[in-house]
Amino acid sequence: MTKNITVPMDEQTKLDLTAGDYVYLTGTIYTARDAAHKRMQESLDKGEALPIDIVNQIIYYMGPSPAREGKVIGSAGPTTAGRMDRYTPRLLDLGLGAMIGKGKRTQDVKDAIVRNKSVYFAAVGGAGALLSKSIIKSEVVAYDDLGTEAIRKLEVKDFPVIVVADSKGNYLYK
Amino acid sequence: MREINVNEITEAVSSMCIEVNHVLSEDMKCALDNAFNKEESELGKQILDQLKENLVIAKEEMIPICQDTGMAVIFMEIGQEVHFTGGSLEDAINEGVRKGYVEGYLRKSVVDDPIIRNNTKDNTPAVIHYSVVPGENVKITISPKGFGSENMSRVFMLKPADGIEGVKNAILTAVKDAGPNACPPMVIGVGIGGTFEKCALMAKHALTRKAGVHSDIPYVKELEEEMLDKINALGIGPAGLGGSVTAMAVNVETYPTHIAGLPVGINICCHVNRHIERVI
Ligand code: SF4
């Protein structure tokens, strides 16, 4: 089923998503990949606040190439989600709304998705030039020193993704 | 003897890094067109169509094909009659990578140490493989390698008794494990024989061979064709979402080996299998 969704999404919207749905996202999402996840984990371990409020937000596992002059962003496709699996259940339990990446997740992550009524979307890996056209604004909001791995706040318009893991425990990959 | 100033190498490496990350080689473009024609799943076709469109946007608007512009892997084939002047060759190659990645708006994906992990901010150093060959030319091959697929690569130290069936199983195991993580449709580089490191290097080098060109050795060519069919029968499909095209090419290189061993290296590459050559 093809759907157009405004993000962040409310609970009912998430519950209505089913693995295999083709979805166009419009609204605000955040980027974070390996190094940003490691730092967020270290902050939580020390009892400190995260640099962004993740509650109900979407994290896109992505580190862009630099923007040319006059462009919003460079190439901007998903990175492999599995490398974030060690950090993900904790973030979901703290209220993270959903994730966008590519590739397999562990059973722990899948369980946390069901437990928290979350959703894991895949964007098409290796289509970074095309996907960059759906990003209309990009701003570094934390960990600027990490370069491509900084946390960015993105405004997206009709950003194409596919539901891989839904809140009912369905999982699209074989 | 022929003298080559290393500045010429820097300039070549720099422009090649930029070109290879924005324009996919003709053989890979054809492979993607063929994949589109062969794909039976509707979603698979839709994804392949996006990948084709992605290539057009990348080239026309100079946006890298993929944001992971890779770690630069460089094969240097140096004619033994060549004398380099003007400084260190290795420094010149890395200077080319630095210039290409900084001036070409490519992503800086290299950290200075595998444990301490500070970004070097210019994508250096490259991984450079030198070989000395007859003649007075220098052939540079650059293959930026993304790590989504690199991470799914494997080395199997098989036993001679495992034979060709063991090799086939090893390839299928690696591809199945890679699945959606390696951005299928993939290209599979395989090195059979040699030693532990030689098989991995052959697997990497095999990825630089044009998609659609087979080995000259009859049984290896057969193996390449059979494995492509077997991999596609797995049904992983474009983006791992199911379909009839999981791989676009299987390229195999072989080398003599020890009486006690059968090393097999499998280097998995995504559909953005970037390679570019230049002879100086
Ligand atoms: S595996 Fe290849 S296509 Fe996928 S993100 Fe990495 S470099 Fe890009």
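Miscellaneous remarks
- Close pairs (7 angstrom Cβ cut-off, 6 or more residues apart or separate chains): on the phi < 0 side of the Ramachandran plot and within 14 Å of chain B (Cβ to nearest Cβ) in the stretch A:15-44, surrounded by fewer than 15 Cβ atoms within 10 Å (Cβ to Cβ) and of a type in the set (Asp, Glu) anywhere: A:TYR24/A:ASP158
- Extreme residue, surrounded by the most Cβ atoms within 10 Å (Cβ to Cβ), among residues of the stretch B:231-244 that are in contact (Cβ under 8 Å) with a residue 40 or more places away in the chain and over 21 Å from the mean Cα position of the chain (by Cα): B:GLY243
- Just one residue in the set B:ILE192, B:ILE266, B:ILE259 is more than 16 Å from the ligand (Cβ to nearest atom), of a type in the set (Val, Ile, Thr) and in contact with a strand residue (DSSP E or B) (Cβ under 6 Å, 6 or more places away or on another chain); that residue is B:ILE192.
Residue by residue, here is whether (1) away from the ligand (no atom under 16 Å from the Cβ); (2) surrounded by fewer than 18 Cβ atoms within 10 Å (Cβ to Cβ); (3) farther than 18 Å from B:GLU3 by Cβ holds:
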{"site": "B:LEU51", "(1), (2), (3)": "no, no, yes"}
{"site": "B:LEU55", "(1), (2), (3)": "no, no, yes"}
{"site": "B:GLU61", "(1), (2), (3)": "yes, yes, yes"}
{"site": "B:PRO64", "(1), (2), (3)": "no, no, yes"}
{"site": "B:ASP68", "(1), (2), (3)": "no, no, yes"}
{"site": "B:ILE78", "(1), (2), (3)": "yes, no, no"}
{"site": "B:SER88", "(1), (2), (3)": "yes, yes, no"}
{"site": "B:GLY96", "(1), (2), (3)": "yes, no, yes"}
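- When the test is whether a residue is in contact (Cβ under 8 Å) with a residue 40 or more places away in the chain and either at positive phi or in contact with a strand residue (DSSP E or B) (Cβ under 9 Å, 6 or more places away or on another chain) (or both), A:GLY95 passes it.
- Among the residues listed as A:GLY82, A:GLY126, the single one being surrounded by 18 or more Cβ atoms within 10 Å (Cβ to Cβ) and assigned to a loop (DSSP other than H, G, I, E, B): A:GLY126
- Pair list, Cβ under 7 Å, 6 or more apart: the stretch B:26-47 residue within 19 Å of B:LYS59 (Cβ to Cβ), other residue in a helix (DSSP H, G or I) and open to solvent by less than 70 Å² (accessible area, probe 1.4 Å): B:LYS29/B:LEU55; B:LEU32/B:LEU48; B:LEU32/B:LEU51; B:LEU32/B:LYS52; B:ALA35/B:LEU48; B:PHE36/B:LYS45; B:PHE36/B:LEU48; B:PHE36/B:LYS52
- Residues in the stretch A:108-133 that are in contact with a Ser or Thr (Cβ under 7 Å, 6 or more places away or on another chain) and β-branched (Val, Ile, Thr): A:VAL109, A:ILE113, A:VAL114, A:VAL119.
- Of all residues making up the stretch B:139-163, the number that are away from the ligand (no atom under 16 Å from the Cβ) and touching a Leu at 6+ places or on another chain (Cβ under 7 Å): 4
- Positions within the stretch B:12-25 being surrounded by fewer than 22 Cβ atoms within 10 Å (Cβ to Cβ) and under 16 Å from B:CYS270 (Cα atoms), in sequence order: B:VAL23, B:SER25
- Some residue of the stretch B:119-131 being within 16 Å of the ligand (Cβ to nearest atom) and among the hydroxyl-bearing types (Ser, Thr, Tyr): no
- Within the stretch A:133-158, the set of residues being within 14 Å of chain B (Cβ to nearest Cβ), outside any loop (DSSP other than H, G, I, E, B) and open to solvent by 10 Å² or more (accessible area, probe 1.4 Å) comprises A:SER138, A:ASP144, A:ASP145, A:LEU146, A:GLY147, A:THR148, A:GLU149, A:ARG152, A:ASP158.
- Extreme residue, farthest from A:PRO64 (Cα to Cα), among residues of the stretch B:96-123 that are in contact with a Gly (Cβ under 9 Å, 6 or more places away or on another chain) and touching a residue at least 24 places away in the same chain (Cβ under 8 Å): B:ASN123
- The lone exception for B:ASP177 - which of (1) away from the ligand (no atom under 16 Å from the Cβ); (2) surrounded by fewer than 17 Cβ atoms within 10 Å (Cβ to Cβ) it fails: (1)
The values are calculated or read from the model by the stated rules, or taken from the named source; none is laboratory data. Since this is a predicted model, take the numbers as computed values, not measurements. Heads up, the Cβs are rebuilt from the backbone with ideal geometry, glycines too, and the neighbour counts pull from every protein chain shown. The accessibility values were calculated without ligands, DNA or RNA, using every heavy atom of the protein model including side chains. Shrake-Rupley method; radii C 1.70, N 1.55, O 1.52, S 1.80 Å.
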